[in-house]
Every structure is written in structure tokens, then in C-alpha cells.
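Since the structure comes first, as C-alpha cells, the remarks are kept for the end.
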Amino acid sequence: MSYNSRNDYKGFPIKTFRAFALFFGLFFVLILTLGFLIYRANHNLYIEDAKNSVESVLGLTQELISHEKQLALSIALMLSQNETLKEGYLKNDRALLFETLQSEISKIKHYLQIENLEVQLHTKEAKAYVRSWDFDDYGDDLSTFRKGITLLHQTKMPLVAIELGKRLNIKALCPIYAKNEFIGSLEIIISFDEIAQKLNAKKINFVILMDKELLEIGEWMKELTQIDNYVIVSNSCPSGCINALNAIISTSTLEKGFARSNDALFGFTPLFDIEAKQVGYIGIWFGESLLKESLLLRASLTPRATPLHVKTLEPAIEDSQKREVLIR
């Protein structure tokens, strides 16, 4: 065998090895690339599913808020027809009004299974008359900062909305008539804690973030925890809740409406008041382990009672003129 033949014979395995090495190298790179692309595709699908689930929970949360609004309005319409309350107005007997409110509130809480309910009565001049939580506090001119009361006293129409007063909560307002005469108005106040309790039962956290600039009006909320430019309105937000929000709250996150942190999914949507002015954000979050159950959330979170779709109200006055109910 010639020298060149021997060299060619020795070089053949080396070339073959290099070819196989190159082939397997390319194959390995191809597998890695394909695996990465599959991972990215799965990750994008997961994020899309997560966003859809968060959006679904936000939708359910808004349904619960609407349900609480309808409940507050129903209670307001019922109490506005209470004859003992009308008697208290006509006699200018604040003690009778206060005692009647305490009795009626106790019954309503028992029958409707709600914990957070307050009632305020106003004079026909839109001043605070009787507050169920404080008998001695009255006489404030509410027309100076309460848009809902001003609107009701202008139109004499029942309404319900999320409204900022000394606190931010759900308020339903209804005029009170006696012998065809407008004698005052009644206000039902339900806090957001009712909604938080229903969501917490499903392992979903809920919070209301109010714009910090509104504390000039909401003076009773000045002691509440603040994060970034917002005040945590919900009383049911413990230290763990505050820590979770501290880690992700920012203007950009709130505007995006979605965040993911520490195996939890967060969702935010703007919150508007009676004048359709943004006052903050509704926030929800839950563990990623609930993501597989997202399709079941709608059935499990639907309010037990069917919401009332009130369109008109006929006050108990002789001319019985129909009045539109404002739901905002």
C-alpha cells in the first residue's frame, strides 16, 4: 500500500467522525431550538390563558359589585316606605329615627346575611340628619361634597353608584315622601368588604385602590395604608395582602391591567364614580394553581340571589308618577 493510500485510509475515519459530529451537533442545536420554540409557544399560550382567566375574574368581580348595588338600591326603596321613619321625620324626632334604623338594620342583616350595612338620613335641605353609626353626628351640609345627594335632591330620583364621601363605597339614595310631600332622603351604604368576603371564599383576593389625591374629601380614610399613589380602601387587606401589592403596584402595571409575581396572577381595572370619573382601580389576584379552575369560577362565584334590574320606581304618592332609577 502506497504512502498516500495509507494516509487516505487513516483520514477516512477522522472525516467520518467529523461529519457525524457535525451532524449530531446540528441535530442537537435543532432540538434545542425546537424545544425553545415549543417552550416559548407554550409560555405564550399560558400567559394568554392567564390573562383570559384574570379578565374573567375581573368580570365576575364587577358582577358582584353590580349585585351589591342592586341590593343596596332594593333596601333603600324598601326603607323609604317605612311608616315609622316617616313619622319620625314629621315629628322631627331624631331619637325615634335612630331607634327605627337600628331595629330595621338588624333585621336586614339577619335576613340577607350581610355584615356591612349602614344607613344615613338627610333633611330636605341635604343636611345630615341621622346616622345609624353615630347619633350625635349630624347637621353637616352634604351638598358641598356629595354629588349623589345633590343629584337626588335636584331630580328626586332614586340612584345607586360608587361614590366618594368621607369614605369610598357603594351608596344607594332614595327620596322619602309623606302625603305627597318630599320630606328628606335615605342613603344605604355597603362597603366593599362584602365583595371581598365572597371572593376570599374562592381563594381570590380583592382590593380597591383609591387615588391618594382624593383623601382631601375622604378624610376618614387618611389612616389607611398607602402604596405608591393609591390608598388601600378594603378593610380585609392584611399584611400579606399589602406585601403582595407592594411588590407589583406601579402606574404602568395598573394601566396594563395584568401582572405575574411569586406564582400569583394579578388583574386591575379602572373604578369610576357617579360622574364617570376615575377614582382608582379594582384589583384582584389569585395563585396560579387556580388557573386550571378558571372555567369553574363563573358558576361558583355567581351571586346566590338574582340581581334586580330596576328600571322605574313608583313612589307611594297619589299621583304615582313614574321615576327613572339611576344606576351608575
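Couple of notes before you dig in:
Rundown of residues vs (1) farther than 30 Å from ILE47 by Cβ; (2) open to solvent by 30 Å² or more (accessible area, probe 1.4 Å); (3) hydroxyl-bearing (Ser, Thr, Tyr); (4) modelled with pLDDT under 85, yes/no style:
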site	(1), (2), (3), (4)
ILE195	no, no, no, no
PHE206	no, no, no, no
ALA247	no, yes, no, yes
SER250	no, yes, yes, no
PHE258	no, yes, no, no
GLY267	no, no, no, no
PRO270	no, yes, no, no
ILE274	yes, no, no, no
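- Annotation note: of ILE195, ILE189, ILE183, the sole residue that is touching a residue at least 60 places away in the same chain (Cβ under 8 Å) and either small (Gly, Ala, Ser) or out of contact with any helix residue (DSSP H, G or I) (no Cβ under 6 Å at 6 or more places or on another chain) (or both) is ILE189.
To keep it simple, each residue is scored yes or no on (1) surrounded by 18 or more Cβ atoms within 10 Å (Cβ to Cβ); (2) of a type in the set (A, V, I, L, M); (3) in a helix (DSSP H, G or I); (4) in contact (Cβ under 8 Å) with a residue 24 or more places away in the chain.
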| residue | (1), (2), (3), (4) |
| --- | --- |
| GLY59 | no, no, yes, no |
| GLN62 | no, no, yes, yes |
| MET78 | no, yes, yes, no |
| GLN81 | no, no, no, yes |
| LYS86 | yes, no, yes, yes |
| TYR89 | yes, no, yes, yes |
| LEU96 | no, yes, yes, no |
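- Odd one out for GLY139 among (1) open to solvent by less than 70 Å² (accessible area, probe 1.4 Å); (2) outside any helix (DSSP H, G or I); (3) touching a helix residue (DSSP H, G or I) at 6+ places or on another chain (Cβ under 8 Å): (3)
- Lone qualifier among ALA72, ALA128 - being of a type in the set (Gly, Ala, Ser), more than 25 Å from ALA276 (Cβ to Cβ) and under 28 Å from the mean Cα position of the chain (by Cα): ALA128
- From GLY184, GLY139, GLY148, residue being modelled with pLDDT of 95 or more and outside the structural domain of ASP273 (by the TED database): GLY184
- Annotation for region 105-113: no member residue is modelled with pLDDT of 95 or more and not in a helix (DSSP H, G or I).
- Among the residues of region 105-136, the ones that are open to solvent by less than 50 Å² (accessible area, probe 1.4 Å) and either assigned by the TED database to the domain that holds PHE272 or aromatic (Phe, Trp, Tyr) (or both) come to 1 in all.
- Every pair of residues 6+ apart whose Cβ atoms lie under 6 Å, when the first sits in region 140-155 and is over 17 Å from GLU216 (Cβ atoms) and in contact (Cβ under 8 Å) with a residue 24 or more places away in the chain while the second is surrounded by fewer than 22 Cβ atoms within 10 Å (Cβ to Cβ) and not aliphatic (A, V, I, L, M): THR150/SER143
The values are calculated or read from the model by the stated rules, or taken from the named source; none is laboratory data. Fair warning: this is a prediction, and the values are worked out from it, not measured in the lab. Every residue, glycine as well, gets a Cβ built from its backbone with ideal geometry; the counts of neighbours run over all protein chains shown. Areas reflect the complete protein model, heavy atoms only, side chains present, ligands, DNA and RNA absent. Shrake-Rupley method; radii C 1.70, N 1.55, O 1.52, S 1.80 Å.
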